[in-house]
Amino acid sequence: MTAPLRAGRVVMAGTALNNRGGVASVLRVYDTDGFFGQWQVHYLASHVPGPAAAKTRAALVTWLTFLRLLGRRQVGLVHVHSASRASFWRKAPILLAALAARRPIVFHLHGSEFALFFDQSPPPAKALIRLVLDRASRIVVLSSAWPAALRRLTGNRRISVVFNPVPRAILDVAPAAGHRCPRRILYLGRLEEKKGVFDLVRACGQLAAGRPDLELVLAGEGDQEPLRQLAANVGLAGQLAMPGWIEGDAKAQALATAGLFVLPSYTECMPMGLLEAMAAGLPVVATPVGGVPDAVQHGVEGFLSPVGQPEALAASLAPLLDDPDLGRAMGAAGQERIRRQFVSDRIFEQLGEIYQDLGVQQPPRRLP
């Protein structure tokens, strides 16, 4: 425990809360479930949706705002949420200014391809990335596998594993009996090869012949036409729905009516869609990549299937399609895992302990 900081507050930088994707989903939980208020966080959106000019302007405004806060001695700790490539470089000026001003930094790493980003960077960029990693007061990663993976990039051993938070509200809402469609398979995420959606269509094509009531819902952004063509080729065209990106009530409805959730990715950190599906009581089938094994124990909350193997994926899906009782038992186990390890209150406690270890005192609660 270090001495309390004399002045300043927590300044956090990341993507805009209204953006799409996993990092924005995490940050919205910080906001809606009260973490920003608990610590009176000054949040800076360094990335916004929209055209390139809007993105450039947001990064510049964030940078100038941070410099102004530094100049007024209003920065006690800097908490940066970063993925790879452009995400890192947008935050680099903030990180370097914080290092120059000797402010403690929490570098919160979300990118599953960060090591690849480092390997593909030229030597000067590698040196800057390593400088940030070496000098960070704390590196926060999303899975238990990441501390070992970072050891070849940095000598910094101040690494904490903090899972992504699941909002309390999902756990508080149970779908009405009879609303679930046992053979409706739900996927939430980008429609791209590395997410395994083509493997999923192929696997469902193998299963559809003897299960005419099978439904596959692929919800997310991306090019739909190649998936429609593949579905037609494997005899799944009439059983495939692609509603595009869904959120809010539409997403809640999808989670409440599906029979199981599938995430056959080739790479992940700690996928929010998977955690939300477990919180909603869905059994899951996923590949054992990134932080997925931290959330899903094979045969308990669902099944783990090898990457890039549609036949094995089909074999993992079949028991859940044919045995609703098994699905309900695994869904209940998943909800319990979320309550125990991933609910937002638990994650906020861990982050608060990190802040306090770095000398930040929690502001007194404001009276209503």
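Observations, loosely collected:
- Hey, Phe107 within 26 Å of Ile347 (Cα to Cα), modelled with pLDDT of 95 or more and buried (at least 17 other Cβ atoms within 10 Å of the Cβ) or not: yes
- In this structure, Ser160 does not qualify as outside any strand (DSSP E or B) and among the hydroxyl-bearing types (Ser, Thr, Tyr).
- Whichever residue in segment 130-154 is in a helix (DSSP H, G or I) and among the aliphatic types (A, V, I, L, M) and, among such residues, is farthest from Asp294 (Cα to Cα): Leu131
- Per the conditions (1) surrounded by fewer than 15 Cβ atoms within 10 Å (Cβ to Cβ); (2) closer than 25 Å to Glu276 by Cβ, the sole criterion not satisfied by Pro123 is (2).
- Among helices (runs of 4 or more DSSP H) entirely within segment 240-334, having at least 2 residues that are more than 20 Å from Val166 (Cβ to Cβ), open to solvent by 20 Å² or more (accessible area, probe 1.4 Å) and hydrophobic (A, V, I, L, M, F, W, C) singles out 310-322.
- Of all residues in segment 7-33, those being touching a residue at least 40 places away in the same chain (Cβ under 8 Å) and polar (S, T, N, Q) number 3.
- Residues in segment 70-129 that are assigned to a loop (DSSP other than H, G, I, E, B), aliphatic (A, V, I, L, M) and more than 18 Å from the chain's Cα centre (by Cα): Ala101 alone.
- Residues being of a type outside the set (A, V, I, L, M), open to solvent by 10 Å² or more (accessible area, probe 1.4 Å) and outside any helix (DSSP H, G or I) - total across segment 346-361: 1
A quick yes/no check of all residues on (1) more than 23 Å from the chain's Cα centre (by Cα); (2) closer than 17 Å to Leu255 by Cβ:
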site	(1), (2)
Thr287	no, no
Pro293	no, no
Gly302	no, yes
Gly308	no, no
Ala315	yes, no
Gly327	yes, yes
Met330	no, yes
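- Members of segment 217-237 found to be outside any helix (DSSP H, G or I) and under 16 Å from Arg190 (Cβ atoms), listed by number: Val217, Leu218, Ala219, Gly220, Glu221, Gly222, Asp223, Gln224
The values are calculated or read from the model by the stated rules, or taken from the named source; none is laboratory data. Please read these numbers as outputs of a predicted model, since none were measured by experiment. Every residue, glycine as well, gets a Cβ built from its backbone with ideal geometry; the counts of neighbours run over all protein chains shown. Side chains are part of the model used for accessible areas, which takes the heavy atoms of the whole protein and leaves out ligands, DNA and RNA. Shrake-Rupley method; radii C 1.70, N 1.55, O 1.52, S 1.80 Å.
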